[in-house]
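**Q** Take this structure, written in structure tokens, and hold onto it; I'll ask about it next.
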Amino acid sequence: MKYKPFTLPEHILLGSATASLQIEGSDKKNSWYNWAINGGTKDGSNPIIADDHWNRVEEDVTLMQDLNLKIYRMSLEWSRIEPGEGEFDETAILHYKDEILKLKEAGIKPFVTLHHFSNPMWLENIGGWSNKEAIYYFRRFTEYVLKYLGSEVEWWCTINEPNIYLTQGYFYGDWPPGKKGDIKGFLKSAKNMITAHIACYKTIHKYRKKAGFTETLVGAAHHLRVMNPKTKSLTDKFSSWLSDRLFHKIFTEGMTKGKKLLPLGFGRFDEEYDSYSDFVGMNYYTRDIISFSFSPKNMFTKVEVRNSAEINDLGWEIYPKGLFKIAKDCYERYGKPIIVTENGTCDRNDDFRAKYIYNHLKELRNLEDHNIPVLAYCHWTLLDNFEWAEGYEARFGLYEVNYNTQERILRESGRFYGEICKMQQVTAEMIKEFL
Ligand code: BGC
């Protein structure tokens, strides 16, 4: 038999992840709405309705309960909470508090992200993260959030995928702020985001400690890819090393150890602690094949998908073993437990998602067998949603969404995942039914 039953340890919380901008709708004060209405998405769409989650929190928490989720990673939309610089909207933060209380009542652990790709327009208009002031503003926002949610939330993620956010925004220019080829902007913003992460790490811990809470975990969600050199040539190896340095290591070393790597500089970002992450959050999706390119504009790198690889609807290679490899590497490097903050695939017809889930969860089991601690797995994603510049075409949801009616329809792979969350195992019966 190709598929075998397996059990996951009880302590690994199985759940799902979303981001506010991608599901909530009805906010116009953020950088993504502005980007989309100015032609920034491939299908001409924008996130003004999305999944209308802002008005459907109760219904969506029930959907999570139906899937037996133990954890839900969600993000807060900064522009709702602070629509103008220094102007805070209490109704917005109370709305989030209510959502968090609903999750807890449903037995689902809330795991809150403070920044997931979108900025309030007032910040975007003064240079976004390339402006050093963003560090101060982000910390002030965090302090405000803590006043309302600080006693309710134990697990925090400061920033989601600074590497993707900055590569898309300052290198390719396909995302806001659309600064194609602005390497200086990329590096400046990277420094500011890492510094802001460190500031928030300290702020959250100090707040929770003072309030008498001992169970606090703070970290970031890193987008980590397997990067294989195309050949054994020194040049291909050099390009892989360079991509790994600029795309992964400057962020993971900075946000985990506080270490400043070139080209960001030397020394440390901060001296107060040895570590600024209590876990390594990994968003794992795919592998890249890297070769040398003569173009400095492309950072001397050509990125390809392996020939004859299995791919998803967006053409990304499906490579489950990468989850194990990356988690192992992070654990050896940083000695912190792993949280799979995202993992999932876009499969409009639900042809291969069940297999994808099986194969990736199997790697969690493998990590456990190698004594690599994993705290949670958050499947990306609960509902089909606004997939940034791709618009609504890419379908990552356990639930399919009909955008004409907002009806949520559980996919077969979603049913499979729900069973796994319930049983904490894949049984022979499930294999027969879903694979
Ligand atoms: C992001 C999500 C996104 C997902 C699928 C991650 O890079 O954090 O917001 O939807 O990948 O592309």
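Here, each number is a calculation from the coordinates, and none is a lab measurement. These numbers were taken from a predicted model, which means no experiment stands behind them. So basically every Cβ, Gly included, is an ideal-geometry build from the backbone, and we count neighbours across all protein chains shown.
**Q** Which distance in Å, rounded to a whole number, links the C-alpha centroids of the range 272-323 and the range 386-419?
**A** Each part reduced to its Cα centre gives a spacing of 24 Å.
**Q** I've got another one for you. Residues of the range 416-431 with the amide nitrogen closer than 14 Å to a label point 7 Å from the Cα of T7, along Cα-to-Cβ, please.
**A** From the range 416-431, the list is 423-428.
**Q** Comparing G322, G254, G86, which has the greatest mean-square fluctuation in the GNM of the chain with Cα pairs linked when under 10 Å apart?
**A** The residue that fluctuates most here is G86.
**Q** Could you tell me the number of lysine pairs in the range 1-146 with C-alpha atoms less than 28 Å from each other, where the two lysines are 8 or more residues apart or belong to different chains?
**A** For the range 1-146, qualifying lysine pairs total 14.
**Q** Another question about this same structure. Relative to the present Cα-Cα distance, how much length would full extension add between R333 and R245 at 0.36 nm per residue of separation? Don't skip to the answer; put the middle values down first.
**A** Values: separation 88, 0.36 × 88 = 31.68 nm, distance 1.42 nm.
So the chain would gain 30.3 nm between R333 and R245.
**Q** Still on this model: At K147 and D274, where each label point lies 7 Å from the Cα along Cα→Cβ, what is the point-to-point distance in nanometres?
**A** 3.6 nm
**Q** When the Karplus curve 6.51 cos²θ - 1.76 cosθ + 1.60 is applied with θ = phi - 60°, which whole-Hz ³J(HN,Hα) does each residue of the range 263-271 get, with x for Gly and Pro?
**A** 3J(HN,Hα) across the range 263-271, in whole Hz: x, 7, x, 10, x, 10, 7, 7, 10.
**Q** Could you work out the relative contact order of the chain, using alpha carbon pairs under 8 angstrom and six or more residues apart, expressed as a whole percent? Numbers along the way, then the final one.
**A** Values: 884 pairs, mean separation 85.3, N = 435.
Reported as a whole number, the value is 20 percent.
**Q** Now a separate question. So what's the net charge close to K355: Lys and Arg +1, Asp and Glu -1, counting the other residues with Cβ under 12 Å from its Cβ?
**A** On the way: positive: K2, R353, K362; negative: E310, D347, D350, D351, E412.
Surrounding charge for K355 is -2.
**Q** What number, in percent, do you get for the relative contact order of the range 108-200 if the mean sequence gap of Cα pairs under 8 Å and at least 6 apart is divided by its residue count? Show your work: numbers first, answer last.
**A** Numbers: 111 pairs, mean separation 34.2, N = 93.
Across the range 108-200, relative contact order equals 37 percent.
**Q** Would you mind checking the pairs K362/K422; K191/K321; K237/K259; K230/K321 and listing those with alpha carbons more than 28 angstrom apart? Intermediate results must be reported in sequence, preceding the final value.
**A** On the way: K362/K422 16 Å; K191/K321 31 Å; K237/K259 24 Å; K230/K321 18 Å.
K191/K321, as the Cα separations exceed 28 Å there.
**Q** Oh, and also: Please list, in chain and number order, the residues 5+ apart from T113 or on another chain whose amide H is under 5 Å from its amide H, with Hs placed from the backbone.
**A** Long-range HN contacts for T113: M74, S75, L76, C157.
**Q** Next up: Under the Karplus relation 6.51 cos²θ - 1.76 cosθ + 1.60, θ = phi - 60°, what is the ordered set of whole-Hz ³J(HN,Hα) values for the range 54-64, x standing for Gly and Pro?
**A** These are the phi-based 3J(HN,Hα) values: 3, 9, 10, 4, 4, 4, 6, 5, 5, 4, 5 Hz.
**Q** Quick one: work out Rg over Rh on the C-alpha atoms of the range 293-406, Rh as Kirkwood radius.
**A** 1.03
**Q** Now, a different point. Quickly estimate the mean residue ellipticity at 222 nm for the chain, helices only: each DSSP H run with n ≥ 4 gives -39500 (n - 2.57), and the total goes over all residues, rounded to 500.
**A** It lands at -11000 deg cm²/dmol.
**Q** Then there is this: Report the net charge of residues surrounding Y207, where surrounding means a beta-carbon distance below 14 angstrom and charges are Lys +1, Arg +1, Asp -1, Glu -1.
**A** Charge balance in the 14 Å sphere: +4.
**Q** Roughly what would the spin-label model give for T91 and T427, points 7 Å off Cα along C-beta, in nm?
**A** Here the modelled spin labels are 4.8 nm apart.
**Q** Next up: When Lys and Arg each count +1 and Asp and Glu each count -1, what net charge do the other residues less than 11 Å away from K230, Cβ to Cβ, add up to? The partial results should precede the final answer.
**A** Numbers: positive: K232, K237, K302, R306; negative: D236, D288, E304.
Residues near K230 contribute +1 overall.
**Q** On the Cα set of the chain, report Rg and Dmax in Å, please.
**A** 20.5, 60
**Q** Normalising by the residue count of the range 1-124, find the relative contact order in percent from Cα pairs under 8 Å and 6+ residues apart. Could the numbers behind the result be given before it?
**A** Details: 172 pairs, mean separation 39.6, N = 124.
This gives 32 percent for the range 1-124.
**Q** GNM, the chain, Cα, under 10 Å: largest mean-square fluctuation among H370, H95, H116?
**A** H370
**Q** Under 10 Å, Cα contacts only: if you run a Gaussian network model on the chain, which one of S233, S277, S293 comes out with the highest mean-square fluctuation?
**A** Of S233, S277, S293, the Gaussian network model singles out S233 as fluctuating most.
**Q** OK, next. In cubic angstrom, how much convex hull volume per residue do the alpha carbon atoms of the range 88-205 span?
**A** Values: hull volume 11.9 nm³, N = 118.
Expressed per residue, the convex hull around the Cα atoms of the range 88-205 is 101 Å³.
**Q** Set the Förster distance to 30 Å, then compute FRET efficiency between N307 and I183 from the Cβ-Cβ distance, nearest 0.05.
**A** On the way: r = 31 Å, r/R0 = 1.02.
Calculated transfer efficiency: 0.45.
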